[in-house]
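Chemist: The structure's right below; bear with me while I get my questions together.
The values are calculated or read from the model by the stated rules, or taken from the named source; none is laboratory data. Since the structure is predicted, the reported quantities are computational estimates derived from the model, not experimental observations. Note that we place each Cβ from the backbone using ideal geometry, even for glycine, and neighbour counts take in every protein chain shown.
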Amino acid sequence: MELELELKPVTPDESTICANCHTTTTPLWRRDMLGKTICNACGLYYKLHRVHRPATMMRTVIKRRKR
């Protein structure tokens, strides 16, 4: 039995909000295991640590890398 996973793009708009830290600005939106929309930072933190990212780690400015 084969399970097919349908991927749908998440369209960012003003009503999109992170289910974990409640931010509205992020370079990339992700989905958690329950299907809730989360920001890139929360998604990467969860992938690395297997716990949800604390709200105290939220930044107001997105830091850009210099390459």
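Chemist: What pairs come out if I take residues in segment 7-27 that are within 17 Å of Thr60 (Cβ to Cβ) and pair them with residues that are surrounded by fewer than 14 Cβ atoms within 10 Å (Cβ to Cβ) and modelled with pLDDT under 85 whose C-beta lies under 8 Å away, six or more apart or interchain?
Modeler: Final answer for the pair search is Asn20/Ala55; Cys21/Ala55; Cys21/Met57; His22/Ala55; Thr24/Glu14; Thr25/Ile62; Thr26/Ile62; Pro27/Ile62.
Chemist: Next question, about the same structure. Considering segment 28-61 alone, what residues qualify as being more than 12 Å from the chain's Cα centre (by Cα) and exposed (fewer than 12 other Cβ atoms within 10 Å of the Cβ)?
Modeler: Leu34, Leu48, His49, Arg50, Val51, Pro54, Thr56, Met57, Arg59, Thr60, Val61
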